[in-house]
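Scroll down for the structure; my scribbles are underneath it.
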């Protein structure tokens, strides 16, 4: 394995995916690229009549935050990684980027919304899994017992 693509959205599950992807890259001696996808347009309320309008999305520091966090994790491991802020549909952009640069593995987190929420909201991790022909590692957030639960046991 020579090239690993890690996709992040700044969620807790994505944080775990970044850490696991970086550790895997260190273990395999692979290069790493980290991407975050922002929307191309924002939907905003247009009037009090319940109508909406679409305006071009303006990239700001909040959009860069997931990339900056992942870059800090990489630097803490002494790794030099490439980062990219992409615009558009997350599934399409992650798959296209992975194909364009011939990555050996795509690593991303799963928020674990459940079947109903995923059906309504969609799931980026499942979308990538179904759209790409590349290996995909989906990292689910580990359940951690609270201190009260640990003490009670």
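Readers should treat all values here as calculations from the given coordinates under stated rules, not as data from a laboratory. Just so it is clear, the model here is predicted, and its values are computed rather than measured. All Cβ positions, even for glycine, are placed from backbone atoms using ideal geometry, and neighbour counts span all protein chains on display.
Can we say residue 15 is in contact with a strand residue (DSSP E or B) (Cβ under 9 Å, 6 or more places away or on another chain), buried (at least 18 other Cβ atoms within 10 Å of the Cβ) and assigned to a helix (DSSP H, G or I)? Walk me through it before giving the result.
Working: in contact with a strand residue (DSSP E or B) (Cβ under 9 Å, 6 or more places away or on another chain): yes; buried (at least 18 other Cβ atoms within 10 Å of the Cβ): yes; assigned to a helix (DSSP H, G or I): yes.
Here the answer is yes, as residue 15 does meet what is asked.
From 74, 30, grab the single residue that is under 19 Å from residue 11 (Cα atoms) and either crowded, with 17+ Cβ neighbours inside 10 Å or in contact (Cβ under 8 Å) with a residue 24 or more places away in the chain (or both). Outline the logic, then answer.
On the way: 30 fails: under 19 Å from residue 11 (Cα atoms).
Result of the check over 74, 30: 74.
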Check: Has the stretch 52-65 got any residue that is out of contact with any strand residue (DSSP E or B) (no Cβ under 8 Å at 6 or more places or on another chain), assigned to a helix (DSSP H, G or I) and surrounded by 14 or more Cβ atoms within 10 Å (Cβ to Cβ)?
Finding: no
